[in-house]
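Everything on this sheet refers to the single structure shown next.
The values are calculated or read from the model by the stated rules, or taken from the named source; none is laboratory data. Quick caveat, the model's predicted, so the values are computed rather than measured. Cβ: placed from backbone, ideal geometry, glycine included. Neighbour counts: every protein chain shown. Only protein heavy atoms, including side chains, enter the accessible area calculation; ligands, DNA and RNA are left aside. Shrake-Rupley method; radii C 1.70, N 1.55, O 1.52, S 1.80 Å.
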Amino acid sequence: MFVNTIKSAVFGGMLMLSTASVAIAQPSLPAPEFQIKPTSKFTCAPHTRTYIVKSLRNAKGKGIRCVKFASGNRRNRLPRIAWYGEGNWGGRTYRHVGQAFYRGRNLIGFASDMHGNGEYFNGNFNGNLKLQFVGGSKIRVTGAWNEEWIPVKSTFYKPLPRPKTCGKYFDQYKVSDLTGKRRGSGLRCVLRVGRKNTTWFGNGNWGRSTYSHIGTRGYKGYGASDICDSPFGPICNKFAFGSLKLTPAGSGFNVTGAWSEKWRK
């Protein structure tokens, strides 16, 4: 599998991070069995960080950002963060996937709206987002979006229904088991903006258990983190950077290592 928002008062949002240092622990390889996490108030934890969203232009709405920190810095071309976001502005829903890279001292964000599952907004943001760490923990996003992300442990929020399609701004893949031994299917929405084939959102089911995750690339290779709350799914694992290998095959990729998957358009 693969791998920073108010849309200016009318688009789904993201924030520019300032450079307060954030320690990033490299996750260890997951246990072979699935871990199941009970549900209470909504949270992206424990493998991605939960943020709520506040408009910098006093737009009314509510949303969440599930943020995965990576190993991008000013010397490489890797994401510093990747995220999945959703919510509504003025009752109009949005859902998006994003990634942010350093360009010199600036953290520049790229994001695309997912569309076709009932979402209202359908925008594409190709490097016109500026992210900034504020006070060491908040994330401010300016440019095409104007919003602030505030870290929380959990929040009262009802997520949108699980998406079944990505929309026109993504490379979309259907997923099946690489060997054909496991029953299940899935969706992979891979970002084109920023650095292609780097960050993605995925969901699906294996057997009777559903999952959702964010994947991206670190300096050791690809890794992913499950979003472990209803309706994203009870499967709750973390896959270390370098534990996933994506090999081009046909109209997609074969994913090996910690996963055994076939992605095809």
* Asked: If amide H atoms are built 1.01 Å from N in the plane of the peptide, which residues on other chains or at least 5 residues away come under 5 Å of the amide H of F42?
  -> T155, Y157
* Binned Cα-Cα distance frequencies in the range 185-265 - 5 Å width, integer % -> 3, 15, 25, 29, 18, 8, 1
* Asked: Which net charge results for the neighbourhood of K68, defined as the other residues with beta-carbon distances under 12 angstrom from its beta-carbon, given Lys and Arg at +1 and Asp and Glu at -1?
  -> +4
* Structure fact -> Sorted by accessible surface (1.4 Å probe, heavy atoms of the protein chains only), largest first, H96, H115 come out as H115, H96
* Within the range 82-123, list the trypsin sites (Lys or Arg not before Pro) lying in a DSSP loop whose Cβ has at most 13 other Cβ atoms in a 10 Å radius. => R105
* **Segment S185-N197, extension gain: residue separation times 0.36 nm, minus the distance between their alpha carbons** => 2.3 nm
* To do: Could you work out the relative contact order of the range 146-218, using alpha carbon pairs under 8 angstrom and six or more residues apart, expressed as a whole percent?
  => 20
* **Distance (nanometres) between label positions extended 7 Å along Cα→Cβ at K158 and K62** => 0.9
* **C189 accessible area, 1.4 Å probe, all protein chains in place, Å² to nearest 10** => 0
* To do: Using only alpha carbon pairs under 8 Å that are at least six residues apart, calculate the relative contact order of the range 165-259 and give it in whole percent.
  => 17
* Could you list the square roots of 5 times each eigenvalue of the Cα gyration tensor of the range 144-244, that is, the equivalent ellipsoid semi-axes, sorted largest first and rounded to whole Å? => 22, 19, 15
* For S71, list long-range residues whose amide hydrogen, built 1.01 Å from N in the peptide plane, is under 5 Å from its own amide hydrogen. => Y219
* Given the pairs K153/K265; K60/K245; K130/K196; K41/K181; K41/K262; K220/K265, which are separated by over 30 angstrom at their Cα positions? -> K153/K265; K60/K245; K41/K181; K41/K262
* Asked: If you rank R75, R57, R208, R217 by how much accessible surface each has, with a 1.4 Å probe, what is the order from largest down?
  -> R208, R75, R57, R217
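Please list, by residue number, every one of the chymotrypsin sites (Phe, Trp or Tyr not before Pro) in the range 153-213 that is coil in DSSP and has at most 16 other beta-carbon atoms within 10 Å.
Filter output for the range 153-213: F156.
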